[in-house]
Amino acid sequence: MGADGRDRAPSQSWASSPTGCCVIAKTDANPILIINQGLFDYLKITGLKLTLGKVYVTSIKALNMDKDKETELFRFLQDAGKQTRRGYSDFFNWPTDRELEEWSIVDTLKRSLEKSKAGFFEQITSRGRGNDPPDCEATLFNGRKLGIEVTELVDQQAIMAYKNGDVDQWAEWSQEKLINSITTRLKAKDISKNIKGGPYDIYMVIIHTDEPILNFDYIFPILSPYIFEFYSIIDRAFLLMSYDQKYKLCPYIELNISN
């Protein structure tokens, strides 16, 4: 699959990493590395100018690159990979490039929606620091404009516990805690005076999570009947979970929003 989401015939494959297998496909003049581990992220190479998604690699073989460039690229990926690991609940985390992280999260939801035949937007762009909120914009299938805010659902105490060496502690998520935490994130994004750009025909919030307990099978019975009420600018909201081998994608739930 290429950067545009279309399937490409791979021109060369290379070694498996501990977390997945990587393929190199040729698209136009540029080689595209695909990290085939269910992340839907990719690495576009133009010489050594990179647009970097989340990658975990232990070896590299790139088309049209001499040995020195391959070595330099591999070292870059190793260093970037080390910086991505917060340790706890960090599937979507990419601290070296916040704008790319937000774009990648929106793109991941887009791909999951398309896999379930529920896609409704395309042409995602990042608005960049200083121009947010919203973090990203996209075009609806009917040509209208979509504003997209991205925010995370994570237990900060669990992160601190992990950093302090308690790597086996997972946050507990009761129904009340889950609903209250989502409500807090939605309210923080429902402030019209903060919005830049637009006007937006639809304003959407994506809440992403990699909390170990918060998988689709646990969350769906809790959230599917619940209505989040009284939002003034949010039209649609999704909870996006990290990759689930059972469903072969990053599961999502559209929240019931009343505005």
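What follows draws every value from the coordinates through simple rules; no lab data is involved. Here the structure is a predicted model, which means the values were calculated and not measured. Every residue, glycine among them, receives a Cβ derived from its backbone with ideal geometry; neighbour counts consider all protein chains shown.
General remarks:
- Peptide ranges 107-114, 135-142 listed from the most packed, as the mean C-beta count within 10 angstrom indicates: 107-114, 135-142
- Label-to-label distance for Ser258 and Phe120 is 1.9 nm, based on points extended 7 Å past Cα in the beta-carbon direction.
- Distance from the alpha carbon centroid of segment 147-171 to that of segment 204-259 works out to 17 angstrom.
- Sites Met160 and Phe216, calculated FRET efficiency, Cβ-Cβ separation with R0 30 Å, nearest 0.05: 0.65
- The peptide list 206-214, 119-127, 237-245, 158-166, put in order of mean Cβ contacts within 10 Å with the highest first, becomes 206-214, 237-245, 119-127, 158-166.
- Modelled FRET efficiency - R0 35 Å, Asp201 with Glu152, Cβ distances, 0.05 increments: 0.85
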